[in-house]
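Notes for the one structure printed next.
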Amino acid sequence: MSVDGGYFDAMYSGSADPWGFATRWYERRKRALTVASLPRERYGRAFEPGCSTGALTRELAARCDALLAWERVAAAAGRAERALAGTAHVRVRRGSVPWEWPEASFDLVVLSELLYYFGDADLRRLLDRAAGSLLPGGDLVAVHWRHPAPDHARSGDDAHRALAAHGGIAPTASHVEADFLLDVYTAGPDPAPSPAQREGLA
């Protein structure tokens, strides 16, 4: 079963930043690695569901011409919107995936600390929608905590195994640590050109 939405409401009612995204070095380092893993220097249109208070959103914004960030919890979405108020090409909206999904195509979808909250059926639907919304050659980035967590529906490793088994996307990059997994996929049956290949270096 997927984690009930009331859990997130309760978390944000008790703290403005319940997971310490803005304060922990672990989170800052993980965001830096996530952004550094993006195979392209620039993206035209990106989507980040479950953006929380917008800590990663701010860093993704520097690499995107247009970025749509969704958050289910009103309090968190409001904080993200205020934090990004001066960034005209970023839109923060309320939305609850996988039951809702934007009617648009993207060349980047970022799934950060999100997939382990979903049961089997909802996870399949989310992955279908994420992969289906990618433009040809678009990138999907997933990064998730690996340690046991009683409030998760599954482990981060299990979520990444489900993603690896999904059709229509090919692995591009992977970063493995004791604490988290970071995987990059590209829409299409074959691996996309590497950054070096795109610049004619290889």
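The values are calculated or read from the model by the stated rules, or taken from the named source; none is laboratory data. The model shown is predicted, which means the values in this text are computed figures rather than measured ones. Please note: Cβ atoms are built from the backbone with ideal geometry, for glycine as well, and neighbour counts cover all protein chains shown.
Worth a mention:
- Hey, Val141 of a type in the set (A, V, I, L, M, F, W, C), surrounded by 14 or more Cβ atoms within 10 Å (Cβ to Cβ), touching a residue at least 60 places away in the same chain (Cβ under 8 Å) and not in a loop (DSSP other than H, G, I, E, B) or not: yes
- Some residue of the range 46-61 being surrounded by fewer than 21 Cβ atoms within 10 Å (Cβ to Cβ) and touching a Pro at 6+ places or on another chain (Cβ under 6 Å): no
- Note on the range 169-189: among residues that are out of contact with any Phe, Trp or Tyr (no Cβ under 9 Å at 6 or more places or on another chain), assigned to a loop (DSSP other than H, G, I, E, B) and loosely packed, with under 14 Cβ neighbours inside 10 Å, the one that is modelled with the lowest pLDDT is Pro189.
- Pairs with Cβ under 6 Å, 6+ apart, first in the range 16-40 and touching a residue at least 12 places away in the same chain (Cβ under 8 Å), second part of a helix (DSSP H, G or I): Phe21/Glu27; Phe21/Ala55; Ala22/Ala55; Arg31/Leu56; Arg31/Glu59; Val35/Glu59; Pro39/Pro195
- The residue pairs whose first member lies in the range 186-202 and is within 23 Å of Ala46 (Cβ to Cβ), whose second member is surrounded by 13 or more Cβ atoms within 10 Å (Cβ to Cβ) and modelled with pLDDT under 90, and whose beta carbons are closer than 8 Å, counting only pairs six or more residues apart or on different chains, are Thr186/Ala192.
- Restricting Ala192, Ala202, Ala196 to those that are at pLDDT below 95, surrounded by fewer than 13 Cβ atoms within 10 Å (Cβ to Cβ), over 18 Å from the mean Cα position of the chain (by Cα) and part of a loop (DSSP other than H, G, I, E, B) reduces the list to Ala202.
- Only residues that are surrounded by fewer than 21 Cβ atoms within 10 Å (Cβ to Cβ) and either within 13 Å of the chain's Cα centre (by Cα) or within 25 Å of Pro195 (Cα to Cα) (or both) were counted in the range 115-128, giving 0.
- Strands (runs of 3 or more DSSP E) (entirely within the range 1-116) containing at least 3 residues that are under 22 Å from Arg146 (Cα atoms) and either basic (Lys, Arg) or at pLDDT 95 or above (or both): 106-112
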